[in-house]
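I have placed the structure first, in the form of structure tokens, so that the comments after it can refer back to it.
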Amino acid sequence: MQPTTTGQNRTGAATAEEGVRAMLQANERWAPTEAIDTTLADADRSFYVTESDSVGSIPPPVTIHGMLKSGFDKLLGERPEVLMDKIGERLAFERTGTRLYDALIVKYETLVAGGDMPDLPTPPDMGDADVASTLERIRSEEHEHFLMLSEVMTSLGGDPTAQTPCADVTGVASMGLMQVVTDPRTTFAQALNAMLIAELTDNAGWELLITLAEEAGETDIAEQFQRAKAEEEEHLVIVNSWFTALVTAPFATVAA
């Protein structure tokens, strides 16, 4: 890993003026005189949007209690499957969050061992907790959220090991975050940038899940979600403070 500094970056057009000039001349000579008609391409996309299957399906309840509750809710005009789908989504995201922090901890410990990790600020309400213990605590809380969601899914008659459609989608969307954090070339600040995206998404996801639980009349579950949301809000503040400190540091290090 190397610090982010000015180097031999030749990706911009300004570094190849002759090539750019030749490209523009070719464009003037060969480019269509009228706007390209994308009607057929748009029609193909529309066809696939209309005719394609959904991204999986929501598993049916696996217990008698879940079947009865689901059927009763449907009689009332409610959609219990939406809550189950979103619980599945948070399950997938919290599992990914745990693994993200596992990777972040390895990167941090490596930088500390090499003497390349500058001091990071400690939020005022965290006492004497250092960065290492804070990372471990956040990782543990992400895992606890995953376990809590598994229990909630089971209590509602669902299967926490099943992949719901939204869980599938969030898994795909999270792949880039994992690639950033685990890439040996990325600095700690760049990894924190990815974690910041994850924490912002996580907070929004918990907020929606709380709303769905309250609308479904699951007040006890909503309270559990509220406690998780409070912890996620703290995660966001901590990650953002570390990220800001590294990006605004007056000198370049392999951490930033």
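Since every read-out is calculated from the coordinates, none of them should be taken as a lab result. As the structure is a prediction and not an experimental result, all values here were calculated from the model. For neighbour counting, all protein chains shown are included, and Cβ atoms are generated from backbone atoms with ideal geometry for every residue, glycine included.
Could you work out the relative contact order of the chain? I mean the mean sequence separation of Cα pairs under 8 Å and 6+ apart, divided by the number of residues, in percent. Relative contact order of the chain: 30 percent. Over all Cα atoms in the chain, the spread is summed up by Rg and Dmax: 24.0, 72 Å.
Net length available on complete extension from E136 to M178 is 13.3 nm, with 0.36 nm assigned per residue and the Cα-Cα distance removed. Computing FRET efficiency as 1/(1 + (r/R0)^6) for V20 and A245, where r is the C-beta to C-beta distance and R0 is 51 Å, gives about 0.85. Could you work out [θ]222 nm for the chain from helices alone, using -39500 (n - 2.57) per DSSP H run of at least four and dividing by all its residues? Round to the nearest 500 deg cm²/dmol. Helix-only estimate at 222 nm: -23500 deg cm²/dmol.
Are there any helices in the chain, counted as whole DSSP H runs, that stretch 24 Å or more along their axis by Cα and score at least 0.5 on average by Kyte-Doolittle, and if so which? Length and hydropathy pass: 165-182, 188-215.
Between S57 and A204, the simple label model (points 7 Å from Cα in the Cβ direction) yields a spacing of 3.0 nm.
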